[in-house]
1. Check residue B:246 against each of (1) under 27 Å from residue B:406 (Cβ atoms); (2) away from chain A (no Cβ under 14 Å) and name the one condition it does not meet.
2. So which residues in the stretch A:60-75 are within 12 Å of the chain's Cα centre (by Cα) and not charged (D, E, K, R), if there are any at all?
3. Can you tell me which condition residue A:40 does not meet? The list is (1) at the interface with chain B (Cβ under 8 Å from one of its Cβ atoms); (2) touching a Gly at 6+ places or on another chain (Cβ under 9 Å); (3) open to solvent by less than 40 Å² (accessible area, probe 1.4 Å); (4) not basic (Lys, Arg), and all the others hold.
4. What's the total number of residues in the stretch B:79-102 that are open to solvent by less than 40 Å² (accessible area, probe 1.4 Å) and either more than 8 Å from the ligand (Cβ to nearest atom) or touching a residue at least 12 places away in the same chain (Cβ under 8 Å) (or both)?
5. Identify the residue in the stretch B:275-307 that is within 12 Å of the ligand (Cβ to nearest atom) and of a type outside the set (A, V, I, L, M, F, W, C) and, among all such residues, is surrounded by the fewest Cβ atoms within 10 Å (Cβ to Cβ).
6. Just for the stretch B:151-178: of the residues that are among the small types (Gly, Ala, Ser) and not in a helix (DSSP H, G or I), which one is surrounded by the fewest Cβ atoms within 10 Å (Cβ to Cβ)?
7. Among the strands (runs of 3 or more DSSP E) lying completely within the stretch B:179-248, list those that include at least 3 residues that are surrounded by fewer than 22 Cβ atoms within 10 Å (Cβ to Cβ) and without any contact (Cβ under 8 Å) to a residue 40 or more places away in the chain.
8. So for the stretch B:411-420 (the condition being open to solvent by less than 10 Å² (accessible area, probe 1.4 Å) and away from chain A (no Cβ under 14 Å)), does at least one residue qualify?
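The values are calculated or read from the model by the stated rules, or taken from the named source; none is laboratory data. Computed from a prediction, not measured in an experiment: that's the story for all the values here. All Cβ positions, glycine included, derive from the backbone under ideal geometry; neighbour counts span all protein chains shown. Side chains are part of the model used for accessible areas, which takes the heavy atoms of the whole protein and leaves out ligands, DNA and RNA. Shrake-Rupley method; radii C 1.70, N 1.55, O 1.52, S 1.80 Å.
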Amino acid sequence: MIINHPLLGPRDASEFVVLGDASLIDRPNRKSETAARDFYEYQYLRNNPAGEHRELWFHEQGDRSWLVVTRNTLTHKITHVELAREFARSQGRSK
Amino acid sequence: MRRYSIVVAHKKTSIYPLCSEDKLRYSAFNILKQALTGHNGWKPAWRNPEPKPEYDIIIVGGGGHGLATAHYLASIFNKKNIAVLEKGWIGGGNVGRNTTIIRSNYLLHENEGFYEFSLKLWEDLEQDLNYNAMVSQRGIINLYHSDPQRDAYIRRGNAMMLNGADAVLLDADEVRRKCPFLNFDNARFPIMGGLWQPRGGTVRHDAVAWGYARAADQRGVDIIQNCEVTGFKIENGKCTGVDTSRGFIKAKKIGVSVAGSSSRVMAKASIRLPIESHVLQAFVSEGLKPVIPGVITYGAGHFYVSQSDKGGLVFGGDIDGYNSYAQRGGMPVVQDVCEGGMSVMPMIGKARILRMWGGIVDMSMDGSPIIDKTHIDGLYFNGGWCYGGFKATPASGYSFAHLIATDTPHKTAQAYRFDRFEKGGMIDEKGMGGQPNLH
Ligand SMILES: Cc1cc2nc3c(=O)[nH]c(=O)nc-3n(C[C@H](O)[C@H](O)[C@H](O)COP(=O)(O)OP(=O)(O)OC[C@H]3O[C@@H](n4cnc5c(N)ncnc54)[C@H](O)[C@@H]3O)c2cc1C
């Protein structure tokens, strides 16, 4: 697979490590009353869809940036790549 | 080799309640008779029934685990009116795609008792099914390459023996006598010895599906192929049937055992699982004369190899590492596996690869399986087998049948619960944490 890095252009997927579902960006609020349940779901449960999947890839052997890659799990086709930071901001995360 | 007896749940039921007609069908006499009459008299090994409108128990998924579950439900737990629904053909999933290794060399007691139970069931499987599954206890050696790795294997070997399994620690000379072709003097990863389980080995994977199917069919189980489950009927917290590509089928109890499709199927009951689907690749070389005595695993890279009875070297390594339902992997893992092979067994470089393929494995968050009830009454789940569920087939089927029949977990599968993640009771053999692609 070739990942079209937003800063570096097309890079081979073997330069990256993959962490999994990009929902890991949405860390639950530890002060919430339902925090224990929320963290369990956040850490352990996955949608694991057959089809489009947003996932976190880390450019370990490159510029060490985190990316959000939108990829189809049935075909492995990558349709969108963005910096994780920008994706998180667009989701309303400030840090 | 030492044989073990099997503890069955209902002592009054013999584990070999075969009818005389069954014994006859694959008898030496019958084979001779068929050979002399042009092999025209063989009958299909199982029926091809139309689905009935209602069953007592439905098993979703006709892989090794689903078929084994049906067999033990009928033979050990005396259940009747059972169907196995398979979306394609039986044996077309991972049971027909794996590298056929069986072993019980786990460290954690939650796992080791279960896998040892499975190995004991393998040892008597062919008598139980009256089917040649080519169970071959040719042994498995896990190589070690450093002092700490040897110490870890000693600990593992002791854990195995505490659970009734066999384990032998080999030094480098003993490994050399068995496998002189290995790369002992690799400067970085010298082979210092291995942990040997003589009772481990390989089994003809397709024959496992066919043998269980035939045995279950003979006890009246309907095996319904080309029947995809597309939904569950859930009323007042109780599952009362399944929608399928061949219409609605009512059932009192439904057990889902669909391996790589676990999340997709359980999503139809609105259940999210602690599972990701990943692709695992396997490779077979051209046929060679016997060169490898048993199964060998490399301790410094992810590579394992055995030799099939047809002579092909069967080998593999890591999962590709990303979510996939594509049943094919990528080149980086091909390279990694081949590098591992060349590093530990340089002679493999002379063999040409004949075939390679991928299968979708249900990677759980701690690398261990789940055999449990769901919060929906009458709906049971079996999955999370990762890349190692073939060896589990008999015990998984037995334990799942136990759970469905008695509503209590089998004693070797008590830890395989959904709630272990929430309660902090992970069964993490490799100590990797809750990330599927690290197991
Ligand atoms: C390349 C590879 C190598 C492996 N090597 C080993 C090994 O050496 N040793 C080992 O122990 N394990 C190994 N494994 C793992 C092992 O193969 C699996 O864990 C095990 O086969 C899974 O159980 P199963 O046989 O029931 O799965 P499967 O055979 O995949 O059965 C699941 C069935 O469910 C059906 N299904 C799915 N969705 C539906 C639906 N909606 N309705 C009806 N039916 C449905 C599928 O068609 C399939 O037939 C390997 C796996 C792979 C891919």
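1. (1)
2. Just the residues of the stretch A:60-75 that are within 12 Å of the chain's Cα centre (by Cα), to begin with: A:65-71.
Hits for the stretch A:60-75 are A:65, A:66, A:67, A:68, A:69, A:70.
3. (2)
4. So in the stretch B:79-102, the residues open to solvent by less than 40 Å² (accessible area, probe 1.4 Å) come out as B:82-86, B:88, B:90-93, B:95-96, B:98-102.
Those left that are additionally either more than 8 Å from the ligand (Cβ to nearest atom) or touching a residue at least 12 places away in the same chain (Cβ under 8 Å) (or both): B:82-86, B:88, B:90-91, B:93, B:95-96, B:98-102.
The total comes to 16.
5. The extreme case among them is B:304.
6. Step one: of the stretch B:151-178, the residues among the small types (Gly, Ala, Ser) are B:152, B:157, B:159, B:164-165, B:167, B:172.
Imposing the further condition that a residue be not in a helix (DSSP H, G or I) reduces the set to B:164-165, B:167.
Numbers: B:164: 14, B:165: 23, B:167: 23.
The residue in question is B:164.
7. Answer list for the stretch B:179-248: B:229-235.
8. Yes; the residues of the stretch B:411-420 include at least one that is open to solvent by less than 10 Å² (accessible area, probe 1.4 Å) and away from chain A (no Cβ under 14 Å).
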